[in-house]
Amino acid sequence: MPRFHFLRSTAVGLSLGMAAACMSLPAFATTPDTVTFAANSVWAQEIGNLDHSDSSHDYTVAIAAGKTLQLNLLSNNANVYFKVNDQTHDKQLLDSHKTGASTWSSPNATATTYAIQVYMDPDAVKRGETAKYALQVGQYGAADLQPPTTAMTFQANQPWSVENGSLASGAAAHDYTVSIAAGMAVKVNLVASNPQLHFKVDDQTHDKKLVDTSTTGANTWSESAATATAYMIQVYADPAAIPTGQQARFTLQVAQYGSGGAQPTQPAGATTAASPAAATSASTPPASP
């Protein structure tokens, strides 16, 4: 056989083989969709459809330093999976076809861009059938998990304001504000069964840090307010002091009474059997389609 004919036949065979191999691979989007987050929201949701001829869809998402990426994949077809690549550090992190997971998360010490591919085996769906899915993408940090700041107020003829709450390893702080009238005194008590819970008090009106009970060793504090003063009280704990999946319950008691007068009697019914902290947007993904 002439050498030229042999080379041409080999080249044609290789081209046909490569073409056949390419036809068997899932189709990849030319340009991935960029996942973005609405203002004041830690969740984004992408809804799509896969079928026999369009069996994958690609997304990218940029996650800020100090934030955790969470992915949830919901589908009416058990053969829909997702892959995750860390584009910034050039690492393949997950293929849910191998792990069987429908949710995955990763903390980020540095800003990181991820590529996410939702895909299925084309042979797992008949021609004309569609597999619908929702990809939920979360980006949140410790501040996002923290419950909203609670304003403490006083009822008529009642010197005490009492709030129940709880901390968790992923939400290890809760802020409270209280306004004290001029010439009055303020007293703060923290009732908790976990000795690793503490509180800090800041004078917001005069921009002063007043006390941190992790250094004083006390669970109570008081002072007189010569002028009307707004205080910020933070109940907090080292996240390592609260086992994962458990809550550290507490009761915060704040009193306002005449400066120089007798301190009010301890409020009745002080308890650490507090109700759990309200769920935040970080722990509640968007509704499924």
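None of the figures in this text is laboratory data; all of them are computed from the coordinates on show. All values derive from a computational prediction rather than experimental measurement. Reconstructed Cβ throughout: ideal geometry from the backbone, glycine too, with neighbour counts over all protein chains shown.
Which FRET efficiency, nearest 0.05, do residue 53 and residue 103 yield, Cβ-Cβ r, R0 30 Å? That gives a FRET efficiency of 0.60.
For a paramagnetic label modelled at 7 Å from the Cα of residue 238 toward its Cβ, which residues of segment 176-202 fall within the zone defined by backbone nitrogen distances under 20 Å? Flagged as within label range: 192-201. Modelled spin labels at residue 60 and residue 95, positioned 7 Å past Cα toward Cβ, are 2.3 nm from each other.
Just the Cα atoms of segment 146-258, one point each, no solvent: what log10 I(q)/I(0) does Debye give at q = 0.16 Å⁻¹? With no solvent term, the Cα-only Debye profile gives -0.70.
On a full-extension model of 0.36 nm per residue, what is the gain between residue 266 and residue 130, subtracting their alpha-carbon distance, rounded to one decimal in nm?
Numbers: separation 136, 0.36 × 136 = 48.96 nm, distance 6.46 nm.
Length gained between residue 266 and residue 130: 42.5 nm.
Rg over Rh for segment 26-141 works out to 0.97, both radii taken from alpha-carbon positions and Rh defined as the Kirkwood radius.
Here the gap between residue 214 and residue 34, fully extended at 0.36 nm per residue and compared with their Cα-Cα distance, gives a gain of 60.4 nm. In this label model, residue 204 and residue 41 are separated by 2.8 nm, measuring between points 7 Å along each Cα→Cβ vector.
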